[in-house]
Every structure is written in C-alpha cells, then in structure tokens.
Amino acid sequence: MKDAIYIKKQTAVLNFSTFFPTTSEEFLSSDGFRVIAKHYLLDLQKRDQVSFNWLVENNSIEDFIPKMVRFLKLLLVLDLSEFTQSEKRDIHRVGKLVEDFYNYWRNIQRVSTIKLSSSSSGQVSNFIDADTRFNSLIISTYRAFQEKIQGYKNKVYRQLQAGTNASMVLRDVKWDMPIGYETLKGIPFVDSILLRTPLLLHPEGTKRYGSFILSDVNPFNQLRLNRHEWFCYPAKVGELLIFIYVHFDFSFSGITNANLFELASPSEIVNRKPDGIVLFGLDDKTEESTYSYDSTNDFWVAKVPYMTKIEYYGYMKKMVLTMHNAIMMKKKWLPIHGSMINIHFKGRAPIGVVFMGDSGAGKSETIEAMQLLNHPELVSMDVIFDDMGSFHIENGKLVAQGTEIGAFIRLDDLDKGSPYKTMDRSIFMNPESVNARVVIPVSPYSMIVENHPVHYFFYANNYVNEIGLKTVEHANELKNVFIEGKRMALATTHEVGISTTYFANPFGPMQDQSSCDPLIDYYFEQLDQSNVIVGEVYTGLGVRDTAEDHLTQTAKVLLETLLNKN
C-alpha cells in the first residue's frame, strides 16, 4: 500500500512506513488526519444532518477541514479564557462532536502496516513499540481535548485501544513463482502480526451462503492485480503451504488467520513453490467462489470474489480448507470434516477420538461438554483439529493429522462462561448477533502435524432425540450414515431444517465425489484393520423439546465409555 492511510467502509489501514506522527500537532497537521476527518464528516452528514450543518456551516467538507485543524491545534495550546465569547458558548457542543469523532474512529477496524524490503535483515523488533506509541498518541490527544473542554482532569482513565486493533510487518519475499503468475510480483508477505485482543469485529455478513465450485478455469488467466492493494498471508495448513492473497479491503479476514493458521516464516517461503494460492477479494465482476487445479505447475488456485458478504470469516476459512482437502485427496488421504482430541486419563495411554459432522452437528460442543464435567479420572484433552483433518495410513495403521492451530466457534453453542476463559486471546465476530463467532488459538502447530492414532470414530448426530452413543462391530455398518451426512441445520449457513451433504463435507469431497468414493471405501476397511471403534454420538443440538442437559448426559456416557476402553 502506498497511501499514508486508506479507509474503506469500516476498515482503516495505516501505512507507518510513510505516516507516523510522534506529537499531537504532527498528527493534526498530517495528510493522514485530513483523510480521517473527511471520512468522519461524511459519516456525520449521513447520521446527524443538524450537527453536520452547524459544524461546517456553509463550507464544503474540503474547505472546512483546514479550519477544523486550525481550531483543534489552537484548542491544544490556548486556555479557554483566550477564546471568543461565541467560541466559549459553543465549546460544550464542540466537546460532544470531539467525543463523537473519537468514537467514530474507535468503531472502525484499524490496522497499521510497516513495509520491509527483501534485503532487510531480521525482523522489525520495534514494530510493537511503534504501534503502542501511536496508540498512546491518539489517547493523549483525545484526553487533551476532553479535559480542556470539560475544564478539569479526569478521575478515571481507561486505556482503550484507540490507535489500532492490529499491526502487520510486511516483507518482500522471493519465491518460486511459475510462469503465468507474474501479476503477484511485488505483493508483500506478512512477516509478523500484532493482535490487540480481545479483538471485536463487526463484519456485515453473519453466515456463509452456497458452496465453492470446482472449476476448469484458472483465475490467473490474463489477470492483472494492483500490487498496492494486496498482501499475502502465507499459511501452513497442516503440512501444506498455501499463499492467501488478501485485498486490503478485507484486511481483518487476513489478520484473523493468525488465530487459525500457522504463519509461515520467510525462510519457509523462499525458493519454494506453494501447494496452493487463494485470491481473497478478487474484483472479477462475478459472485462465484471457485478453485481449480493447475496441472502444468502442479498446484491449486482459488478465488473468492469481491463482495460485502465475504467479510464473514467462514468464506476465508472454508476456501482454504477446501483447497487443503482437494490436495489431500490427490495424495490419497481422506479429508475429515470434524474434530479430534487425544484424551488423557490417569495412568492411561492417550485415546484418539474423532467426531465427524457438518457445521452445527455438535463436534466442538461435545468436546467442551466433556471438559466441563471435570471427571475425576480426566487429566487433559489435546485438540488435534477442531474443524478439518485427514486420515492416512502410517506403518500399517490408520492415523490422523490436523490443519488448524485454532478454532472458529459458534458462541451460541458454547457454555456461557467459555468465551470469557480465552477472552484475552480471542477475536470476536458480531457477538450480539445470531451465529456469533469467536476465533481462538488452541494447539501448537507441532502437535497438529503429528501422526495421531485413531481409536474411536463417531458421527455427530444432532437430529435424533437419544442420549449417549451407539457403536457397531464393523465400520461398514455405519458407512452410509457418514456418507449421507445428515444434520439439522442451525443457521450456521443459509440452510434450514434437515439437510444432507455428501460425507458431511461440502469443502472438496462433495465437489469431487468420484475421487472421494474409493477413498471412503478403502479407509472404512482400514478402520476395522486398525481396530478403530466406529459409532454415532447423539448431541441433540438440533432436537426440539429435548432435555436442557441433553449434551451433558451424552458427554457423561461418552466419557465412561472411553474410560472403560480395554
């Protein structure tokens, strides 16, 4: 990004490489402040025409801003007694607008960036200090105005996130760029990220619509990108390296990745070809999110088009995981839309348990319900994956790996106290709305890419009014239940009521069933060969008029079953 500051709707990007004021006067005199002031006045004009007209009088916004800056600079240095009678008479109304301006700024999602060249050595050690100093500058400038206008010092000071919500160090990195992808040249990579948590976001979308399309068309055909409008988040998705190119208008979708996908270091990128490339926010005048295989270069490419609704983080997360699953199927690994934990009981070897099901089936909720029981024999649970993993065979045994270091969880289905336990690390999305979400880091990357033995494989059934679970002697007895992928939809997507999704996985397997069918047949045989116990667990999340503690009762049965495992 070449501008000092860029604001689009509810997102502001500050370029600290060209805009870094150190005093209140520098800030008020800067081009960056003028950009902020213009956007505030346009917003005020829409919200409060009376206050806007009183403030600017007969001036245009462009003509008024220099007068506004001059008045604010005088307010910083002059005593109120030095103002004219008319100015003193209106000072409290001015104070309300200063407060309104400050609140407008804080309600925007704000990120700062610092750009390094490829020749820069090491990491910027002071980027956290730089962002902290800017935060302090904004607070101190606001307080100077506030206390001057009210005529006395505050008695209570609240250290709010008044500068930014996040900061990124961006770096030029040379990677193994194939012919045909030259449009990506010059787009910087994320080197480091600072999150000021808890981070509260308000994307306009609250659910994901439709599914992604497996296509024969490569979105890079004759593509021209403006390198100043994009940055790349290099994500380690399981063992894969996926370059996620993000348009700056969707900066916080890219930043949220830090809580979900491990950030690759420059040394892991240099001279390496990625396993896949995602373009997030591509303005190609379509509404179709597609992915395709580039056979010439042997990697996958995908695009999510520029639309307001893709602010909902599910579009980012699920496209990345769709690409992951497509790659895994080519490797003859079986993608699993589910959750896996290693349960540690006292004096016992860990037990690997996998829950499979589509969105809202109760995978994560079942794990949480078991934790909340505080069973005396339960030592701990390691989350291997919260949403997507894969099965493969290692040394003749079925094992699983994960993809994400975090979890993208629906707040409505969690225990009321759970979000607050990890609040200090969390990214909240529309917490006051239906399908509110929180993104939290859960497990270290080194853990999720280990090969974990699977001992139990359960289908998460949220639509049958039964308590507990059932198991079968042979995996094939329940294979069709897993393939049918039935669930009661819970407003996590556009679907309502009972729905079915091939193998409960609309992120790759559904689009390419011809590749997935033989994998399912093979791995369901391997479940028996590896002595994996297969069954259904009844979460009750989609059942009307069920017991309030349905999931708790199921969790008790499940824990006792696992504890009594031979």
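A few points about this structure:
- Which labelled figure in (1) 68, 62, 44; (2) 96, 52, 48; (3) 89, 57, 42 is Cα extents along the principal axes in Å, once derived from the coordinates: (3)
- Listed residues VAL353, SER289, TYR315: farthest to the positive end of the dipole of the range 279-396 (Cβ charges): VAL353
- Accessible area of the chain divided out per residue, in Å², using a probe of 1.4 angstrom: 43 Å²
- The loop-placed GluC sites (Glu not before Pro) in the range 36-110, going by DSSP, that have at most 14 neighbouring Cβ atoms within 10 Å of their Cβ come out as GLU57.
- Under 5 Å, built H, 5+ apart or other chain: amide partners of THR290: ILE213, LYS303
- HN-Hα J in Hz across the range 438-451 - Karplus 6.51, -1.76, 1.60, θ = phi - 60°, x for Gly and Pro: 9, 10, 10, x, 10, 10, x, 4, 4, 6, 6, 9, 6, 8
- With contributions of -39500 (n - 2.57) from each DSSP H run of at least four residues, the per-residue ellipticity at 222 nm computed over the chain stands at -9500 deg cm²/dmol.
- Assigned charges on the beta-carbon of Lys, Arg, Asp, Glu; the range 222-273 dipole about Cα centre (debye): 220 debye
- Taking the C-alpha atoms only, the angle from helix 314-330 to the longest principal axis of the chain is near 40 degrees.
- In the assembled protein chains, GLU365 presents an accessible area of approximately 20 Å² (probe radius 1.4 Å).
- Ranking MET388, MET177 from most to least accessible surface, computed with a 1.4 Å probe over the protein chains only, gives MET177, MET388.
- In this structure the amide hydrogen of PHE299, modeled in the peptide plane, comes within under 5 Å of the amide hydrogens of ASP294, none closer than 5 places in sequence on its chain.
- Among the trypsin sites (Lys or Arg not before Pro) within the range 394-487, those in coil by DSSP and having at most 14 neighbouring Cβ atoms inside 10 Å are LYS416.
- Helix 363-372 axis, angle to the chain major axis (alpha carbon atoms, nearest 10°): 90 degrees
- Each part gets one Cα centre, and for the range 509-566 versus the range 282-323 those centres are 30 Å apart.
- Cut-off under 5 Å, modelled amide H: who pairs with LEU282 long-range: VAL304, TYR306
- Assigned charges on the beta-carbon of Lys, Arg, Asp, Glu; the range 526-566 dipole about Cα centre (debye): 100 debye
- Loop-resident sites, the range 277-358, for trypsin sites (Lys or Arg not before Pro), counting at most 15 other Cβ within 10 Å (DSSP): LYS285, LYS331, LYS332, LYS346, ARG348
- Largest-first ordering by accessible area, 1.4 Å probe, given options GLU477, GLU548: GLU548, GLU477
- Carbon/sulfur fraction of accessible area - the chain, other protein chains in place, 1.4 Å, %: 48 percent
- Oblate is the label for the range 509-566. Its Cα gyration tensor axes, ordered a ≥ b ≥ c, give a/c of at least 1.5 and b/c at or above a/b.
- Between 0 and 90°, nearest 10: helix 91-107 axis offset from the chain longest Cα axis: 30 degrees
- Accessible area ranking (1.4 Å probe, heavy atoms, ligands and nucleic acids excluded), largest first, for VAL156, VAL481: VAL156, VAL481.
The values are calculated or read from the model by the stated rules, or taken from the named source; none is laboratory data. What you are looking at is a predicted structure, and each value in this text was computed from that prediction instead of being measured. For neighbour counting, all protein chains shown are included, and Cβ atoms are generated from backbone atoms with ideal geometry for every residue, glycine included. We work out accessible area using only protein heavy atoms, side chains counted, and drop any ligands, DNA or RNA first. Shrake-Rupley method; radii C 1.70, N 1.55, O 1.52, S 1.80 Å.
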